[in-house]
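The values are calculated or read from the model by the stated rules, or taken from the named source; none is laboratory data. Computed from a predicted structure; not experimentally measured. Heads up: the accessible areas ignore ligands, DNA and RNA and are worked out on the full protein's heavy atoms, side chains in. Shrake-Rupley method; radii C 1.70, N 1.55, O 1.52, S 1.80 Å.
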Amino acid sequence: MQLDHSGRLSSPWFGGAAAALAVVLWALVPLLVARAGELPPLRLSTLALLAGALGTLPMAHRRRHRDAPLSGAQRGLVYLGVPMLITGAVGASFAAFGRAPAEEAALILYAWPVLFLLASRYLSLGRLPAGTLLGAGLAFSGAALLVAPQALAGGVSGAWDGYALALLGALCWALYSLACQRSHWRLGERMHHQLLIASLMVGGASLALEGTAALPSPDALLMGALLGFGPYGLAMLAWDRALRDPLAHRLGNLAHAVPVLATLFLVMAGVTQPDWRLPLAALLVVAGSLAASR
């Protein structure tokens, strides 16, 4: 264990522990959303993001040394672009869970590590190795194994809108992870600002699209608070810390365990019934993701 250039303790265990914590908390999202009841997705997203902003406020690191100031374009990306990614990721994810079965939406949404891997590999190498493409195709076949039978049985009027929203959420999470690797942006220190801005964005969309309503039930408020403090508060700080680790390209592979854990939590809670396709699809997603990262 040693001090890095910013005066913080650095250990090879810190990044792995931070990534593992984020993975476990993210895997709880489908279960918590299912427990939130009939609360509209945008209203639930607003509650979760606001709770996340309040939860990360005392945990936000204060800058101990002066950094080069952000340019106007960089400030726009940090305080507008990143909150828009968070808004899209959280809002699309919650809406997807409301329009498609939770286990199906979860496997599509949590294919975002594959998208993150493809983008980061291309940006670093300038090309995509054949092994990376093969692994990504294998991982996506896992989601297709689970989704295709229901989608084809229901026709185009089935859960296609939920699948599309889950894919949009996956794209937003992948782009957000790429942004976290911009170390000079220091997104972790600005997390509470970004979550607050995102909550205002989603809240405005909720008023415009979902209208006003009575106060949520105590159970829905509790689920929103748990989502904010956990998966969209502590987990995002932990993921930001993990992606700034020297071994971030390996720690990112831990995110591929999220669909397995999410499915396991849903089955254990009785939200969904065990299905032979669930473990096989999750295995394909994990195996393909690991193959793509080699």
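Modelled with pLDDT of 75 or more and open to solvent by 60 Å² or more (accessible area, probe 1.4 Å), is that true of Leu280?
yes
Give the residues of segment 184-216 that are modelled with pLDDT of 80 or more, over 11 Å from Leu49 (Cα atoms) and among the polar types (S, T, N, Q), sorted by residue number.
Listed by number, the list holds a single entry, Ser206.
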